[in-house]
1. Filter the range 50-63 for residues that are open to solvent by less than 50 Å² (accessible area, probe 1.4 Å) and either over 13 Å from Glu24 (Cβ atoms) or out of contact with any Leu (no Cβ under 8 Å at 6 or more places or on another chain) (or both) and give the result.
2. Every residue in the range 22-52 that is in contact (Cβ under 8 Å) with a residue 24 or more places away in the chain and under 16 Å from Asn11 (Cα atoms), please.
3. If a residue must be assigned to a strand (DSSP E or B) and within 12 Å of Phe67 (Cβ to Cβ), how many such residues does the range 11-49 contain?
Amino acid sequence: ARDKKYRRKKNVVVKRGVPMLSVEFISQRYDFHPNTVRAWVTRDGLRHVRHGPGGKIFIRQDDVQLFLRQWYGEEEK
């Protein structure tokens, strides 16, 4: 059996029916560096939750879309 800490982690979690996207998923989908997405959280105050033992950052899908529309004028791909 594999040790839990080596299992592949999900990049999208659904919480109360709302998709929560990981930093890695957002950076791949919208073509931004993961550190840029983390800066949105710390510098620009993008709402987020931390989940799991490592404190992985997850952001609501609609919050990401709203943020991108406001700051970059981008629509969902």
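1. Here is the first cut: in the range 50-63, the ones open to solvent by less than 50 Å² (accessible area, probe 1.4 Å) are 52, 55-59, 61, 63.
Result: Gly52, Gly55, Lys56, Ile57, Gln61, Asp63.
2. Within the range 22-52, Ser22, Val23, Ile26, Arg29, Tyr30, Val49, His51, Gly52 meet the criteria.
3. Narrowing the range 11-49 to residues assigned to a strand (DSSP E or B): 12-15, 18-22, 49.
When the remaining residues are screened for being within 12 Å of Phe67 (Cβ to Cβ), the result is 21.
The total comes to 1.
The values are calculated or read from the model by the stated rules, or taken from the named source; none is laboratory data. Because the structure is a prediction, the values reported are computed rather than measured. Because the Cβ atoms are built from the backbone with ideal geometry, glycine has one as well, and the counts that use them run over all protein chains shown. To get the accessible areas, we keep the full protein, side chains included, count just its heavy atoms, and leave off ligands, DNA and RNA. Shrake-Rupley method; radii C 1.70, N 1.55, O 1.52, S 1.80 Å.
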